[in-house]
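Report on the following structure.
The values are calculated or read from the model by the stated rules, or taken from the named source; none is laboratory data. This is a predicted model, so every value here is computed, not measured. Every residue, glycine as well, gets a Cβ built from its backbone with ideal geometry; the counts of neighbours run over all protein chains shown. Areas reflect the complete protein model, heavy atoms only, side chains present, ligands, DNA and RNA absent. Shrake-Rupley method; radii C 1.70, N 1.55, O 1.52, S 1.80 Å.
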Amino acid sequence: MKNIRHILGKELKSYFIAPIAYIVIAIFLLVTGWFFFSTFFLYNQASLRNFFSLLPIIFSFIIPAVTMRLFSEEMHVGSYEVLMTLPLTFWEVITGKFLAALTFVMIMLLPTLSYAVTIALLGRLDLGPIVGGYIGAIFLGALFSAIGLLASALTRNQIIAFIIGMSICFALTLIDKMLFFLPESLLGVLEYIGADFHFQNIAKGILDSRDILYFASASFMALYAGNLVMQGKK
């Protein structure tokens, strides 16, 4: 745990000493704020429904930008070889980097709690979907962070890592909506694969073990694949 905490701290520190972290957070808040306040004032709807319905698409672009450097940069500048000479296991490295990305996502979400406070001050607050929405956002952020980490392990080019990660996250978000022309039996399978389907279930304020199992198992598989990729490059 000490090694994981060390890598987590090192990665979090590297996020916030570079301007990219503040740019990513600013873009995220501008986009989500626009969707929230446009609905709130134009349609007079005291709800975070639009915010949570668009969050998977926004995360599909934002989180790969957060994770693209985690392994790519280390391999590009050669610091990964130095890292592997230290008394660390692959799992400690990948877990520390994963927790750093997930912590960054949670920090990025914190200012959006002001949207819920605004609703509470001006209208009736339905607490269940809001709590469920934020719990679902953490699960979704964990899955997309694991996928972004895998994409970063595949290449030393950060732009390619971003494109790979964004493509996978985007596909998982829209897969159950884009293939409607397939047979109904296949649609059920695709619906289960889709991350948005499980996120929206939790965002309704209902914690179903099947949704939690989906996010936990899919995140683990992405991290395990990333672990295998990095071991292959040793």
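Numbers for the structure displayed
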item	result
Any hit, the range 3-12, residues being at pLDDT 80 or above, of a type outside the set (A, V, I, L, M), surrounded by fewer than 16 Cβ atoms within 10 Å (Cβ to Cβ) and farther than 29 Å from residue 86 by Cα	no
Flag if residue 79 is open to solvent by less than 60 Å² (accessible area, probe 1.4 Å), closer than 25 Å to residue 22 by Cβ and among the polar types (S, T, N, Q)	yes
Of the criteria (1) at pLDDT below 80; (2) open to solvent by less than 10 Å² (accessible area, probe 1.4 Å), which one residue 40 fails	(2)
Test result for residue 115, more than 24 Å from residue 222 (Cα to Cα), modelled with pLDDT of 80 or more and among the aromatic types (Phe, Trp, Tyr)	yes
